[in-house]
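Participant: Sharing a structure, written as structure tokens. Questions coming.
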Amino acid sequence: MPSDAVVGGSGLESYPGLVITGERRATTAFGEPSAPLVLGEIEGRKVVFLSRHGPEHDIAPHRINYRANLRALHDAGVERVYAAAAVGGIAPGLGPGTVVVPDQIIDYTVSRPGTFFEEGRVVHVDMTHPYTPSLRDRLLRAASVAGVAVHDGGVYGVTEGPRFETAAEIDRMERDGCAVVGMTAMPEAALARELGMEYAACAVVSNAAAGRGPAEITMEDIYANLERGMRRVRRIFAAALALGPG
Ligand code: HPA
């Protein structure tokens with residue numbers, strides 16, 4: 001089984017260019033993941049692909065069974081998770097289409113089962129660096145090899161959704177230091193850490209965050225920006241897989 005996985009979010013519900021070699025329906029003690037695990041190859045490198053919102057994009061961010069997703073990947077032998085996500089841009093300069101490789105997270109979610117350690121021995125995992133630094137580095141090197149410009153670093157603020165934020169909420173997040181806002185990095189990153197898997201992400205800015213751009217955030221605008229952003233992210237992931245571990 002491949003030891004690298006890509007978890008695709010909005011704009012990457014399926015993976016163009018993935019040569020599919022198999023599919024595995026997984027079940028875990030926490031239920032079923034968002035979709036069957038798709039086994040395949042990207043430019044000759046073995047990988048597992050999991051669609052976070054389901055292949056039809058019908059699982060909202062607050063309803064995703066993150067524990068089943070991460071546990072299913074772990075059970076399949078995955079050691080490294082490359083996550084793709086759509087985000088709103090908060091920091092100046094992070095306009096639609098920008099690819100960000102975030103280095104920090106602030107969790108504003110309120111209702112998500114966020115740990116595998118609910119009973120028995122108390123376990124506190126270290127989350128000082130929520131994205132695995134060596135895997136982040138690999139994404140940055142891959143972006144450079146692939147000739148894709150990325151923004152290195154930034155705080156990803158995770159909101160509960162599925163609604164977008166109010167302008168005042170974005171103002172507060174900016175004061176907190178958030179560069180982008182999305183709805184899925186937590187508990188995904190924490191659960192990967194609890195299972196000992198490396199985790200790093202490419203976030204595509206699909207829109208200016210609330211109060212930072214057009215009066216209204218529309219899904220049409222978001223998807224138009226995501227398409228070109230995710231094309232770049234796929235080039236980065238292909239280069240990262242080719243670089244291999246280490
Ligand atoms: N807010 C939260 N999540 C998002 C956004 C946003 O503006 N854009 C894409 N995902």
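Participant: With respect to Glu198, is the statement that it is modelled with pLDDT of 95 or more, crowded, with 18+ Cβ neighbours inside 10 Å, among the charged types (D, E, K, R) and away from the ligand (no atom under 16 Å from the Cβ) true?
Facilitator: Values: modelled with pLDDT of 95 or more: yes; crowded, with 18+ Cβ neighbours inside 10 Å: yes; among the charged types (D, E, K, R): yes; away from the ligand (no atom under 16 Å from the Cβ): yes.
Yes; evaluated as a whole, the condition is true for this residue.
Participant: Looking for something polar (S, T, N, Q), at pLDDT 95 or above and more than 15 Å from Ala238 (Cα to Cα) - is there at least one such residue anywhere in segment 1-12?
Facilitator: no
Participant: (1) away from the ligand (no atom under 16 Å from the Cβ); (2) of a type in the set (A, V, I, L, M, F, W, C); (3) outside any loop (DSSP other than H, G, I, E, B): which one isn't true of Ala149, the others all being true?
Facilitator: (3)
Participant: Just checking, which of Arg163, Arg138 is among the basic types (Lys, Arg), in contact (Cβ under 8 Å) with a residue 40 or more places away in the chain and on the phi < 0 side of the Ramachandran plot?
Facilitator: Criteria check complete, one pass: Arg138.
Participant: While we're here: Taking segment 106-133 as the region of interest, how many residues are in a loop (DSSP other than H, G, I, E, B), within 16 Å of the ligand (Cβ to nearest atom) and not basic (Lys, Arg)?
Facilitator: 4
Participant: Yes or no: Asp103 surrounded by fewer than 20 Cβ atoms within 10 Å (Cβ to Cβ), away from the ligand (no atom under 16 Å from the Cβ) and either among the aromatic types (Phe, Trp, Tyr) or over 16 Å from Tyr156 (Cβ atoms) (or both)?
Facilitator: No, not satisfied.
Participant: Go through segment 1-86 and tell me which strands (runs of 3 or more DSSP E), entirely inside it, have 2 or more residues that are surrounded by 15 or more Cβ atoms within 10 Å (Cβ to Cβ) and away from the ligand (no atom under 16 Å from the Cβ).
Facilitator: Fully inside segment 1-86 and qualifying: 4-8, 37-42, 45-51.
Participant: Identify, please: which residue in segment 201-225 is part of a strand (DSSP E or B) and within 11 Å of the ligand (Cβ to nearest atom) and is, among those, surrounded by the fewest Cβ atoms within 10 Å (Cβ to Cβ)?
Facilitator: Ranking the candidates gives Ala208 first.
Participant: Checking the condition within 14 Å of the chain's Cα centre (by Cα) and more than 16 Å from the ligand (Cβ to nearest atom), which residue from Arg231, Arg141, Arg136 passes?
Facilitator: None of the others qualify; the one that does is Arg136.
Participant: Something else: Among the residues in segment 158-172, are any more than 9 Å from the ligand (Cβ to nearest atom), among the acidic types (Asp, Glu) and touching a helix residue (DSSP H, G or I) at 6+ places or on another chain (Cβ under 9 Å)?
Facilitator: For segment 158-172, residues more than 9 Å from the ligand (Cβ to nearest atom), among the acidic types (Asp, Glu) and touching a helix residue (DSSP H, G or I) at 6+ places or on another chain (Cβ under 9 Å): present.
Participant: Could you tell me which of the residues Arg234, Arg172, Arg228 is in a helix (DSSP H, G or I) and surrounded by 21 or more Cβ atoms within 10 Å (Cβ to Cβ)? Write out each step before concluding.
Facilitator: Numbers: Arg172 fails: surrounded by 21 or more Cβ atoms within 10 Å (Cβ to Cβ); Arg228 fails: surrounded by 21 or more Cβ atoms within 10 Å (Cβ to Cβ).
So the residue among Arg234, Arg172, Arg228 that is in a helix (DSSP H, G or I) and surrounded by 21 or more Cβ atoms within 10 Å (Cβ to Cβ) is Arg234.
Participant: So, in segment 174-195, of the ones that are of a type in the set (Gly, Ala, Ser) and on the phi < 0 side of the Ramachandran plot, which residue ends up farthest from the ligand (Cβ to nearest atom)?
Facilitator: Ala192
The values are calculated or read from the model by the stated rules, or taken from the named source; none is laboratory data. These numbers come from a predicted model, not from an experiment. Backbone-built Cβ (ideal geometry, glycine too); neighbour counts: all protein chains shown.
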